[in-house]
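Chemist: Can you read through this structure? Questions will come right after.
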Amino acid sequence: MPAKPLLERVAVQYFARRSGRLPAAPSAATSDAVHVLNPEERKAMRSVTRGAIVRSAIAGALSGAVSAFAEVWATPFAPEGTPLWSAGSLKFWLVVGVATGVAAVAEILFLYWDILRSTHELARAAGLELFGPNRKTSDDALVDSLARAALELPNPIHDTRGINARREASKTQLLVASLAYKAKVGVTSFLVKMLLRRVLARVLVRGTLQTLLPFVGVPVTAAWNALVTWWVLREARIRAMGPSASQELVDIVFGDAPALSDAGRVSAARAVAASIVRTQDLHPNLCALLDEVMHKVKDTGKVELDDVGEFLSGLKQLSPGELRVTLQVLAIACIVDGRFSARERKLWSDALAAAGRPIEWKSIERLRAAFVRGDGVADDVIRAM
């Protein structure tokens with residue numbers, strides 16, 4: 001396995017130091033599981049999330065304001081019509097570039113620190129002790145996944161079981177997704193400026209318009225920061241609850257299951273692997289789920305687990321009890337990352353069709369909603385599948 005990225009290692013060390021300075025999480029001693037959120041835990045998590053969103057928006061606004069003021073201050077160096085490669089233009093871009101760069105670096109460092117701190121607080125609010133005295137080896141993966149979520153680092157693409165999450169992904173799709181993510185703030189700010197230039201030109205004199213335009217980036221950056229922070233902390237919360245929910249759901253499925261044949265064991269494992277391939281991501285919750293399923297099915301031999309075609313065609317060969325177990329595991333796999341994406345919906349409908357079952361969405365949506373809200377695992381929904 002390749003070495004962990006530097007930022008991920010730094011984040012894990014920060015979690016460890018912070019855990020050592022703080023007392024045990026207030027809800028860590030409660031009897032409910034981590035993925036079951038009681039009213040006090042929900043209140044604490046909402047407070048952590050709101051605070052982080054407000055701070056990130058303020059940081060974005062301040063960073064945008066520094067850049068805007070620098071642009072306004074430097075405008076006399078390069079008034080409209082100044083040649084691009086003139087001394088005035090170069091001086092203008094030097095002033096704006098330095099101010100923007102310093103503000104951006106300060107903003108990014110603050111956001112990294114604050115979101116890491118907030119992610120750790122979210123885990124504590126859910127009753128999760130990342131570095132407590134009862135720490136298990138399996139907790140390492142959870143800590144790593146929370147660090148990646150906080151820093152928006154991609155999930156690993158390597159898996160010790162030979163599962164290739166990118167098996168059905170094209171390089172073009174991956175490139176487009178990466179470029180769209182990187183360009184989100186810059187492109188949005190540019191489009192808003194162009195829109196305002198057209199709209200405000202009709203109601204404002206030219207000098208006023210030129211003064212206001214640099215400040216368009218202030219609310220845009222603040223809004224993006226708030227949105228990204230909300231998304232990051234939502235993902236962190238999902239990852240914190242995932243391993244606990246996976247364990248309980250798998251216990252329910254296999255607790256009611258008949259003895260499985262070799263084909264039944266392989267099919268149950270392939271249900272999770274197929275979801276990983278279709279989502280094109282080794283999401284830590286899916287990895288935790290696969291660990292739980294592999295613990296139940298024991299040995300699956302040397303067969304490929306990540307062949308979606310083999311998974312779907314094999315459903316017809318299963319006994320009714322084995323088919324039920326496989327579809328229940330697949331339902332969990334489709335929702336344990338907190339989403340039920342178009343690719344996962346296609347996999348679910350393909351599996352039901354291959355199994356000769358009617359296409360049904362209500363139960364799996366109910367299961368996803370219960371998990372995301374922290375209501376528990378909706379075991380009645382799983383048993384009814």
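The values are calculated or read from the model by the stated rules, or taken from the named source; none is laboratory data. Everything numeric in this text was worked out from a predicted model, so none of it was measured. Here the Cβ is made from the backbone with ideal geometry for all residues, glycine too, and neighbour counts use every protein chain on show.
Chemist: Can you say whether V250 is assigned to a helix (DSSP H, G or I) and farther than 21 Å from A331 by Cβ, as far as the supplied structure shows?
Modeler: No: the conditions fail for V250.
Chemist: Restricting to segment 295-320, name every residue that is part of a helix (DSSP H, G or I), surrounded by 14 or more Cβ atoms within 10 Å (Cβ to Cβ) and of a type outside the set (A, V, I, L, M).
Modeler: Within segment 295-320, the subset part of a helix (DSSP H, G or I) is 295-297, 308-317, 320.
Adding the requirement that they be surrounded by 14 or more Cβ atoms within 10 Å (Cβ to Cβ) leaves 296-297, 308, 310-312, 314-315.
Matches in segment 295-320: K296, E310, F311, G314.
Chemist: Please specify each residue of segment 293-308 satisfying the condition of being within 18 Å of E322 (Cα to Cα) and not aliphatic (A, V, I, L, M).
Modeler: Residues satisfying the conditions are H295, K296, K298, D299, T300, G301.
Chemist: Please state which of the following conditions A236 fails to meet, knowing it meets all the rest: (1) at pLDDT 80 or above; (2) surrounded by fewer than 18 Cβ atoms within 10 Å (Cβ to Cβ).
Modeler: Condition (2) is where A236 drops out.
Chemist: Is it true that some residue in segment 352-359 is closer than 29 Å to W231 by Cβ and touching a residue at least 24 places away in the same chain (Cβ under 8 Å)?
Modeler: So in segment 352-359, the residues closer than 29 Å to W231 by Cβ come out as none.
The answer is no, given that none of the residues of segment 352-359 is closer than 29 Å to W231 by Cβ and touching a residue at least 24 places away in the same chain (Cβ under 8 Å).
Yes/no matrix, rows are residues, columns are (1) exposed (fewer than 13 other Cβ atoms within 10 Å of the Cβ); (2) basic (K, R); (3) within 24 Å of the chain's Cα centre (by Cα); (4) under 27 Å from T229 (Cβ atoms):
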| site | (1), (2), (3), (4) |
| --- | --- |
| A3 | yes, no, yes, no |
| V34 | no, no, yes, yes |
| A44 | no, no, yes, yes |
| A57 | no, no, yes, yes |
| L109 | yes, no, yes, yes |
| Y112 | no, no, yes, yes |
| S118 | no, no, yes, yes |
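Chemist: List pairs: first residue in segment 86-98 and assigned by TED's automatic domain parsing to the domain that holds A74, second residue charged (D, E, K, R) anywhere in the structure, Cβ distance under 9 angstrom, at least six positions apart or on different chains.
Modeler: F92/E71; V95/E71; V96/E71
Chemist: Quick one: in segment 80-106, of everything that is part of a helix (DSSP H, G or I) and among the hydroxyl-bearing types (S, T, Y), which residue is farthest from T221 (Cα to Cα)?
Modeler: Kept after step one, since they are part of a helix (DSSP H, G or I), are these residues of segment 80-106: 87-106.
Checking which are among the hydroxyl-bearing types (S, T, Y) leaves us with 89, 100.
Numbers: S89: 25, T100: 13 Å.
In this case the residue turns out to be S89.
Chemist: How do the pairs read when you match residues in segment 102-127 that are assigned by TED's automatic domain parsing to the domain that holds V66 with residues anywhere that are among the aromatic types (F, W, Y) and surrounded by 20 or more Cβ atoms within 10 Å (Cβ to Cβ), using Cβ under 9 Å and keeping only pairs 6 or more apart or on different chains?
Modeler: L116/F15; T119/F15; H120/F15; A123/F15
Chemist: On to the next question. Which of the residues that make up segment 253-303 are basic (K, R), within 21 Å of M385 (Cβ to Cβ) and free of Cβ contacts under 8 Å to residues at least 40 places away in the same chain? I'd like the intermediate steps shown before the answer.
Modeler: Taking segment 253-303 first, the residues basic (K, R) are 265, 270, 278, 296, 298, 302.
Restricting the remaining residues to those that are within 21 Å of M385 (Cβ to Cβ) gives 265, 270, 278, 296.
The answer is R265, and nothing else.
Chemist: Does segment 73-94 contain any residue that is out of contact with any Cys (no Cβ under 6 Å at 6 or more places or on another chain) and under 30 Å from L6 (Cα atoms)?
Modeler: Going through segment 73-94, the residues out of contact with any Cys (no Cβ under 6 Å at 6 or more places or on another chain) turn out to be 73-94.
With the extra rule that they be under 30 Å from L6 (Cα atoms), the set shrinks to none.
Taking every residue of segment 73-94 in turn, none turns out to be out of contact with any Cys (no Cβ under 6 Å at 6 or more places or on another chain) and under 30 Å from L6 (Cα atoms).
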